[in-house]
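Step one of this worksheet: look at the structure below.
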Amino acid sequence: MEIKEFRELSPKDLDLKIADLKQQLFELRRKKAVGQLEHAEQVRGVRKDIAKAETVKRQRELQIPEPKAKEAKPAPKAKAAKKK
């Protein structure tokens, strides 16, 4: 999930999502220990999602305003070579 999707959730839904992600992580770790996990990168993805959700939760606790989306800046123009 993208962090903006976590920001759209209500505080209650965010807590439920964190609990769900932690349960998923538990199941993935169990499968990994038994040797049933086919895609080991799933563990990393779930851990990152938990971190994103916890970050949004903490930002709300500290009442930190949500960052605005950055606008794409035009690429800098290439400088012409100086003639001697």
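What follows is calculated from the coordinates using simple rules that are stated; it is not laboratory data. In this text the structure is predicted, and so the values were computed from the model without any measurement. Quick reminder, even Gly has a Cβ in these numbers, built from the backbone with ideal geometry, and neighbours come from all protein chains shown.
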Seminar exercise, completed: For segment 3-61, whose charge dipole is built from +1 on Lys and Arg Cβ atoms and -1 on Asp and Glu Cβ atoms, the candidate among Leu16, Phe6, Ala33 with its Cα farthest towards the positive end is Ala33
For this session: Determine, from the Cβ-Cβ distance of Gln23 and Gln63 and an R0 of 25 Å, the FRET efficiency 1/(1 + (r/R0)^6), rounded to the nearest 0.05.
Result: 0.30
Exercise. What length, rounded to one decimal in nm, is gained on full extension from Arg30 through to Asp15, with 0.36 nm per residue of separation minus their alpha-carbon distance?
Worked result: 3.1 nm
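Please state, as a whole number in µm²/s, the translational diffusion coefficient that the Stokes-Einstein equation yields for segment 3-61 at 20 °C and 1.002 mPa s, with Rh defined as the Kirkwood radius across alpha carbon pairs. Please report the intermediate quantities before stating the final value.
Numbers: Rh = 12.0 Å.
Once the numbers are plugged in, D ends up at 178 µm²/s.
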Problem set entry | Long-range HN-HN contacts of Leu37 with modeled amide H, under 5 Å | Lys32
